[in-house]
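Participant: Supplied in structure tokens, the structure appears directly below.
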Amino acid sequence: MRVRHLSLPASATVLAGALLAGGWFAGPVSGRAGAASHVDSPSTFADLPRDGSDLYVFTSPDAQDTVTIAADYHALQLPGSPLTLYPFAGDTRFEVHVDSTGDARADVSYRYTFRTDDRRTPGSAAAVTAPTRSLADKSVVFRQTYTLEELRPGKPARTLVADGAVAPSYAGSRLMPDYDALRADATAELPGGGRTYVGQIADAFLFNLGQYAKIRFGIPLVPEFNPVQFTNANTMTLQVPKKSLALKGDPGRNPVIGVWATASRRSLDVQGGKAGEYVQVSRMAQPHFGETMFPDGLPVIGVPGGLSDQYQSRTPDRDGEWDAMVKQIREPFGPRNISQATGVEAPDNPRPDLVEYVLHGLKKVNAHTLNKDADASAVRPAELLRLNMNTPVSEHPQRETMFADDPQGYPNGRRFVDDPDALQMRILMGGLIGVNTDALTRYALIKTPPKPSTGTFPYRALPH
């Protein structure tokens, strides 16, 4: 690769770094955060409970006939204290969708809906009034429960969990001395196999602000640190048998699935004063998709009604006909920025390799055409998080996945140890078409998630 020398005024670097840090830390300080991948879309910037932050999909390491799907919302929550409470929205359908045929439509969806029983005295915030080790204790004065349904086209909804308990926001060690016990109370077994956990977790996002600044803004000297290091998020973590997800129930013949998550809020019928239909307000699949492909997102300046906003309300089956989105993928701005920040020459546009990996999956790894029973003529381009369920579980997971001889992990699903910024940087700079991109991430300082995940379901680190 050719390297060219390029200088950037120190004052511009310092200012840009301050803007970036301010954009991130405005989240916990002001109570505001961004959309999918934490900062993204103006439309969800002020709608935190429905603000999708991260989606993870992987073969369960201790139950390898199952897949674990984790959909995280309302990121950048403050560390636990009696003054903070981050409930799930009760007027919203949170759904995880799975496409096994490749037509970019859901072959099965899992829908969570929430109910709240609030018995707190006026002025109090904590969900409990005394040290609590069980969600059955009378000291729990703010309770949320949920219904989990399985939805398949042409079939009636099947209730998997009718009255599941939600683990409330961590209120500190004095009031919640054993949050792990509360999490156990909030873990439900599913009929036919699998389980689900709903509650708060330590954010697992392996984020590197220094690398992100190079991708998003072309800034070379922003310090490397993880702005979500001590923050929490809400999660719906679901484990289901592979046969429930695979085309024709056969993960051996049809191992590839595409996954995305949505939040849909009930609208208001203004004329009648009644609740109307549910409207999709948030969508997420691949990590950092909006930030690396849509220049009008957040931070620092977002454009209301722009591409990043439009993405939140669109369905994947329409992605292929969305010319503006396809153009952004084929002619991305990220490589130019990385080149400016590093001096490494960017691949020329157009980029069919990016179109393939984003909208079709990798041909020999996780494209839907690998499913033997799939109708190739019906497969549609769509931005999904794809997983080949036949990929063996790695004994020693590597954060840079395929670039470190680990076939698991993003872009083949996504695990908590995967490094999306490093991976995006390498992919944008031609890593999928044979360009040696080792030097771009060799000296990265951020190499692990904020807190390690556990070895058993739900695999999530306890909240801070």
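The values are calculated or read from the model by the stated rules, or taken from the named source; none is laboratory data. All figures in this text were calculated on a predicted structure; none of them were measured in a lab. Every residue, glycine as well, gets a Cβ built from its backbone with ideal geometry; the counts of neighbours run over all protein chains shown. Quick note on the areas: whole protein, heavy atoms, side chains included, nothing else; ligands and nucleic acids left out. Shrake-Rupley method; radii C 1.70, N 1.55, O 1.52, S 1.80 Å.
Participant: Going highest first, how would you order 389-395, 75-81 by mean Cβ packing within 10 Å? Walk me through the numbers before you get to the answer.
Facilitator: Values: 389-395: 15.1, 75-81: 21.3.
Descending mean neighbour count gives 75-81, 389-395.
Participant: Could you pull out every one of the lysines with an alpha carbon less than 23 Å from that of residue 214, ignoring same-chain neighbours closer than 8 positions?
Facilitator: 327, 447
Participant: Relative contact order of the chain, please, whole-number percent, based on alpha carbon pairs below 8 angstrom and at least 6 residues apart. Mind dumping the intermediate values first?
Facilitator: Working: 1103 pairs, mean separation 95.0, N = 464.
After rounding, I find 20 percent.
Participant: For residue 327, tell me the accessible area in Å² from a 1.4 Å probe, rounded to the nearest 10.
Facilitator: 100 Å²
Participant: I've got another one for you. Taking the Cα centre of the chain as origin, work out the dipole magnitude from +1 charges on Lys and Arg Cβ and -1 charges on Asp and Glu Cβ, in debye rounded to 20.
Facilitator: Numbers: 48 positive and 50 negative charges, 67 e Å.
Result for the chain is approximately 320 debye, rounded to the nearest 20.
Participant: Per the 1.4 Å probe, what fraction of the accessible area of the chain, in percent, lies on carbon and sulfur atoms? Present the calculation step by step, with values, prior to reporting the outcome.
Facilitator: Working: 10000 of 18520 Å².
Of all accessible area on the chain, carbon and sulfur atoms account for 54 percent.
Participant: How many percent of DSSP beta bridges within region 145-276 run antiparallel, rounded to 5? Please list the in-between numbers first.
Facilitator: Values: 18 of 19 bridges.
Taking every DSSP beta bridge with both residues in region 145-276, the antiparallel ones total about 95 percent.
Participant: Say the dipole of the chain comes from +1 at the beta carbon of Lys and Arg and -1 at that of Asp and Glu; which of 446, 256, 164 then lies farthest toward its positive end?
Facilitator: 164
Participant: Which helices, counted as full DSSP H runs in the chain, have an axial Cα extent of no less than 24 Å and a Kyte-Doolittle average of -0.5 or above?
Facilitator: Working: long enough: 10-30 (28 Å, 1.29).
Counting only whole DSSP H runs, the qualifying helices are 10-30.
Participant: Given charges of +1 on the Cβ of Lys and Arg and -1 on the Cβ of Asp and Glu, with all other atoms neutral, how large is the dipole of region 206-346 about its Cα centre, in debye to the nearest 20? Spell out each step's value before the answer.
Facilitator: Numbers: 15 positive and 13 negative charges, 94 e Å.
Charge dipole of region 206-346: 460 debye, to the nearest 20.
Participant: Still on this structure, I have one more. Show which aspartates and glutamates lie in cross-link reach of residue 248 when reach means a straight Cα distance below 14 angstrom and same-chain residues fewer than eight apart are skipped.
Facilitator: Leaving aside aspartates and glutamates fewer than 8 places away in the same chain, those within reach of residue 248 are 99, 107, 373, 375.
Participant: Hey, got the dipole for region 288-391? About the Cα centre, +1 on K and R Cβ, -1 on D and E Cβ, debye to the nearest 20?
Facilitator: Working: 11 positive and 15 negative charges, 51 e Å.
My answer is approximately 240 debye.
Participant: Now, a different point. Lysines within cross-link reach of residue 243: Cα-Cα under 28 Å, excluding same-chain residues under 8 positions apart?
Facilitator: Partners within reach: 155, 363, 364, 372.
Participant: Let me ask something else. If each DSSP helix of 4+ residues adds -39,500 (n - 2.57) and the sum is divided by the residues in the chain, what number results at 222 nm, nearest 500 deg cm²/dmol?
Facilitator: Values: 12 runs with 95 residues, N = 464.
My calculation for the chain gives -5500 deg cm²/dmol from helical runs alone.
Participant: Which whole-number value in Å² is the accessible area per residue of the chain, probe 1.4 Å?
Facilitator: Result: 40 Å² of accessible area for each residue.
Participant: Using the Cα atoms of region 309-360 to build a convex hull, what is its mean projected area in square nanometres?
Facilitator: Numbers: hull surface 16.8 nm².
Its Cα hull, projected and averaged over all orientations, spans 4.2 nm².
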